[in-house]
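The block underneath contains the structure these notes are about, expressed in structure tokens.
The values are calculated or read from the model by the stated rules, or taken from the named source; none is laboratory data. As the structure is a prediction and not an experimental result, all values here were calculated from the model. In this analysis, Cβ positions are derived from the backbone assuming ideal geometry, glycine residues included, and neighbour counts consider all displayed protein chains.
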Amino acid sequence: MNRKIIAGLAATLACSAVLADEIRNYRAEAVAMMKRDFKAKGIATTDRLHEDGVQAICNRSGDNPPKDIAARLEKDQLESVKYPADGKLMGDWKAGEKLAQSGRGMTWSDKAGVPGGGNCYNCHQISPTEMSFGTIGPSLYQFGKTRGNTPDMQKYVYGKIWNAKAYNLCSQMPRFGHVNALNEKQIKDLVALLLDPQSPVNSK
Amino acid sequence: MKQRLGMLLAAAALTTSFAVHAQQSAKKAPPAAKAAAPANKSEVSKEFEKFREVLEEDNPAELYEAKGEDIWKNKKGPNGTSMAQCDLGLGAGVVKGAYVHMPRYFADVGQVMDAERRVVHCMIKYLGYSEADIRKQPFSNVNKTPDHVSVITYVAAQSRNMKIAAPQKHPKEIEAYNIGKEIFAYRAGPYDFSCASCHGEDGKRIRTQDLPNLRKPDEAIRAYQGWPGYRMTGGFMLTQQWRMNDCFRQQRFPEPSYLSDSITALLAYMTVTANGQTYKGPGIKR
């Protein structure tokens, strides 16, 4: 009896030794390799190679985390959104359009302290006059027209731009407020670009 | 030579007219059809394709091929060694077909190397080029196209119209592929981007630039096709290593060291994915 268990255990151990040898953790090896190979340049420092909690979950689940974990982490992300103290969420859509156009920010060729842009047109269609738009994200043309601009909608859009992961944990959209890529005023201006009835986004 | 110069000038003229044209078409185009899903290939891309076809009939990359060939065949190192001793994987001095068989494992260094890394390795070892100098300016700019870029262009051209066949036999080759696959998917940095953020889905673009889905064999070829590429804006040759470097910049990552294992792994992943397809040689990039 004892012998059987021991033999069984030994077989299991031998088997897992083979497995350990074959199933390598290439992910960990890849991260270690990058940490060896990458060097800080300008504002792009090497601490950027470390994952934060959200990135870690998305990286380990192929951007498809278990629902309950996603819901928990989205809640955390939402709780960290800082809404404006004055309660006003809509700024100036014209300034918003300029920001949406700019693809600057956070690269090693961007200077420290120079405010970045929104990069929005890299991924979204927005105003009907701008034909040079990317398609990684959905079209936002007529966003306010179709979704309305109630206080709740303003709060959603402000929160989405501040931290896209609060609503969709592994979204491809950056967390602009969360990482200080955009400030409160800039985000207000972008909310106006999408929701202000005067904005070309909502013209017919 | 005169003819070449004329052709290059013509290319430059085309480039500017292309840029202007692209801008105009962007501004004048009618508003999007009620925010319908935009066509996969942007209008600007289509126009660029037309110019590219015209240009490729007399490819400006040939100028650099010729320069690279000259260096490969005629330069001697301080010890009298030459590139004839350089083994690109198919035997000492064999250039034909070598480019499409890399990245591969090289027993003499105990490492997997991509083509650019191997060529530079040989230029240092046999021609006495200084590694420090090469690292000082690894990529071309308007002022200077470094010699190694010309040599890489020559080597690449010697695999024109051949099938890509990066080997997956040696354990280190398999390892490079698997690590590259993970690097491709690794999201980090202030924008949470990985390569897959921009190259993980079909039919996407950034502004007007079409983004290949590099996980698919028929699109992974774009990691290879037309590289090294003659950049119309600026008028110089850029290599795969440059492309990787600039994508990491856009990914908001720190900078990968030139010719590092991480880049070789990424190139191994994309090249193996593209295996079996035909490499048309150095090309033209906007």
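Structure summary
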quantity: Failed item in (1) more than 30 Å from B:T208 (Cα to Cα); (2) within 14 Å of another protein chain (Cβ to nearest Cβ), with A:R72 passing the rest; calculated: (2)
quantity: Residue within segment A:83-105 that is more than 22 Å from A:E130 (Cα to Cα), surrounded by 14 or more Cβ atoms within 10 Å (Cβ to Cβ) and within 16 Å of the chain's Cα centre (by Cα) present; calculated: no
quantity: Qualifying positions in segment A:123-171 - crowded, with 19+ Cβ neighbours inside 10 Å and among the aliphatic types (A, V, I, L, M); calculated: A:I126, A:M131, A:L140, A:V157, A:I161, A:A164, A:A166, A:L169
quantity: Some residue of segment A:149-168 being within 28 Å of B:R187 (Cα to Cα), within 13 Å of chain B (Cβ to nearest Cβ), outside any helix (DSSP H, G or I) and of a type outside the set (K, R); calculated: yes
quantity: Residue selected from segment B:224-280 under the condition β-branched (V, I, T) and within 20 Å of B:A165 (Cα to Cα), by the criterion nearest to the chain's Cα centre (by Cα); calculated: B:T239
quantity: Verdict on A:E51 being facing another protein chain (nearest Cβ under 9 Å) and not basic (K, R); calculated: yes
quantity: Extreme residue, modelled with the lowest pLDDT, among residues of segment B:145-182 that are in a loop (DSSP other than H, G, I, E, B) and hydroxyl-bearing (S, T, Y); calculated: B:T145
quantity: Residue identified as acidic (D, E), without any contact (Cβ under 8 Å) to a residue 40 or more places away in the chain, part of a loop (DSSP other than H, G, I, E, B) and farther than 22 Å from B:N161 by Cβ among B:D108, B:D70; calculated: B:D108
quantity: Qualifying residues in segment A:170-204 (those that are polar (S, T, N, Q) and either in a helix (DSSP H, G or I) or in contact with a Pro (Cβ under 6 Å, 6 or more places away or on another chain) (or both)) - the one farthest from the other protein chains (Cβ to nearest Cβ); calculated: A:Q186
quantity: Hey, B:T233 polar (S, T, N, Q) and touching a Lys or Arg at 6+ places or on another chain (Cβ under 8 Å) or not; calculated: yes
quantity: Odd one out for B:R117, checked against (1) assigned to a loop (DSSP other than H, G, I, E, B); (2) under 19 Å from B:Y258 (Cβ atoms); calculated: (1)
quantity: Wholly enclosed helices (runs of 4 or more DSSP H) of segment B:216-286 bearing at least 1 residues among the polar types (S, T, N, Q) and at pLDDT 95 or above; calculated: B:240-250, B:261-274
quantity: Residue match in segment B:244-262 (condition: touching a Cys at 6+ places or on another chain (Cβ under 8 Å) and over 26 Å from B:E65 (Cα atoms)); calculated: yes
quantity: Residue selected from segment B:188-205 under the condition more than 10 Å from B:F253 (Cα to Cα) and small (G, A, S), by the criterion nearest to the other protein chains (Cβ to nearest Cβ); calculated: B:S197
